[in-house]
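The next block holds one structure in the form of structure tokens; read it before the comments.
The values are calculated or read from the model by the stated rules, or taken from the named source; none is laboratory data. Computed from a prediction, not measured in an experiment: that's the story for all the values here. Ideal geometry is used to build each Cβ from the backbone, glycine not excepted, and the neighbour counts take in all protein chains shown.
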Amino acid sequence: MTEATNESGEERAPNVLAGRLRLSMIRLSRQLRRQDPSELTIAQLSALATVMSSGPLGVGQLAEIEGLPSPAMTRLADKLEEAGLLARRVNPADRRGVHLVPTAKGAALLDRRAQAGNAWLAERLGRLSKADRLALERAVTVLEALATERPDRYTSATEDRQTTEVFS
């Protein structure tokens, strides 16, 4: 029997799993933020990380990716620009538009935070059994799909799990 099943081996209701997942993610997020406290909000860090990983983006594109209304993203981008973490550059394909690009200061901030948080998390993951680390690896695929609202990725995670169960 696993935590995701009841005593008869049946899956628990999605709302029970949702509650446990949400609470554990809140607690994990809080622990990770303690590793490198920042003056930035979660939304600001997420937007900066998206621009860093996705390359130059228009404000509208970033708003869509982050799931925020364009006016809110404009204000958020303004704050990141004022802090010297993002810069606006002319869009070479459309001179009327601008792209948001990370600055060296923004890249350094993300790198410092990633190193601190990853080191803390890796140390804890290293304490887990190989089976638990593999289970987390599969779960991360599903969590990434949930976070980006890409249901096409759920199938591969489910298929991976079924294949692993067949060959285990």
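Annotations for the structure displayed:
- Scan segment 120-130 for residues that are free of Cβ contacts under 8 Å to residues at least 24 places away in the same chain and surrounded by 12 or more Cβ atoms within 10 Å (Cβ to Cβ) and the total you get is 2.
- Members of segment 28-50 that are surrounded by 14 or more Cβ atoms within 10 Å (Cβ to Cβ) and either modelled with pLDDT of 90 or more or assigned to a loop (DSSP other than H, G, I, E, B) (or both): Asp36, Leu40, Ala43, Gln44, Leu45, Ser46, Ala47, Leu48, Ala49, Thr50
- Matching entry among Ala72, Ala43, Ala104 (being farther than 27 Å from Glu149 by Cα and among the hydrophobic types (A, V, I, L, M, F, W, C)): Ala104
- Residue match in segment 95-102 (condition: charged (D, E, K, R), over 30 Å from Leu28 (Cβ atoms) and modelled with pLDDT under 95): yes
- Flag if Gly106 is out of contact with any Cys (no Cβ under 7 Å at 6 or more places or on another chain), in a helix (DSSP H, G or I) and modelled with pLDDT under 95: no
- Among the residues of this structure, Ala147 does not count as one that is modelled with pLDDT of 95 or more, within 23 Å of Leu40 (Cα to Cα), within 20 Å of the chain's Cα centre (by Cα) and assigned to a helix (DSSP H, G or I).
- In this structure, Arg133 does not satisfy being modelled with pLDDT under 90 and surrounded by 10 or more Cβ atoms within 10 Å (Cβ to Cβ).
- Scanning segment 72-103 for residues that are in a helix (DSSP H, G or I), free of Cβ contacts under 8 Å to residues at least 24 places away in the same chain and surrounded by 14 or more Cβ atoms within 10 Å (Cβ to Cβ) gives Thr74, Glu81.
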